[in-house]
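Have a look at the structure below, then the notes.
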Amino acid sequence: MKVLDASGCIMGRLASHAAKSLLNGDEIHIINAEEAVISGSKDSVIGEYVEKRQLNHPRKGPFYPRMPHLMLKRAVRGMIPYQKPRGREAFKRLRVDIGKPASVDEEKVEIVKKAMMNDNTKYVSLGDVSKILGAKF
């Protein structure tokens, strides 16, 4: 099982790395999901997510998550063929957590270098976006 740390990583890049590993047969556990970042100005990023949430019907869907670990899990789901058997099996091998669970060993945690954020990038953390959407964690 690979344990990936999401703190300081751009969500899309981390999700694509995780999706590729899942399709290759690995088990992936992502920790610190609330510390992942979305690149872009704060107003545009939050505007996109608020618009997605208001697009739907409360009972009929489409349903967009508010919690940061579910938002990251949904981003990974969009990058695998989850409606086919291969993608369904891959998606079952994914775990995403808020914070760092006690069961995770410190030396097994990996950081994806390609997903790390640059210094001069405008960004919003996933935790901030989910709090504005109304998540309580």
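Miscellaneous remarks
- Segment 21-89-segment 112-137 distance, computed between alpha-carbon centres (Å): 13
- Computed extension length for Val109-Lys42: 21.2 nm, one decimal, from 0.36 nm per residue of separation with the Cα-Cα distance subtracted.
- Within the chain, DSSP assigns beta bridges of which about 35% are antiparallel (rounded to the nearest 5).
- Two-site label geometry, Met117 and Arg13: point separation in nm, points 7 Å out along Cα→Cβ: 1.1
- Surface per residue (accessible, 1.4 Å probe) for segment 1-136, Å²: 60
- Just so you know, the averaged projected area of the alpha carbon convex hull for the chain sits at 8.9 nm².
- Stretchable slack from Asp26 to Arg59, in nm (0.36 nm times residue separation minus alpha-carbon distance): 8.4 nm
- Straight-line reach from Lys122: taking Cα to Cα under 28 Å and skipping same-chain neighbours fewer than 8 places apart, the lysines in range are Lys20, Lys42, Lys52, Lys73, Lys100, Lys113, Lys114, Lys131, Lys136.
The values are calculated or read from the model by the stated rules, or taken from the named source; none is laboratory data. The shown structure was predicted, so the numbers you read here are calculated from the model rather than taken from an experiment. As a convention, Cβ positions derive from the backbone with ideal geometry for all residues, glycine included, and neighbour counts pool all protein chains shown. Just so you know, the surface numbers come from the protein's heavy atoms only, side chains and all, with ligands and any DNA or RNA stripped out. Shrake-Rupley method; radii C 1.70, N 1.55, O 1.52, S 1.80 Å.
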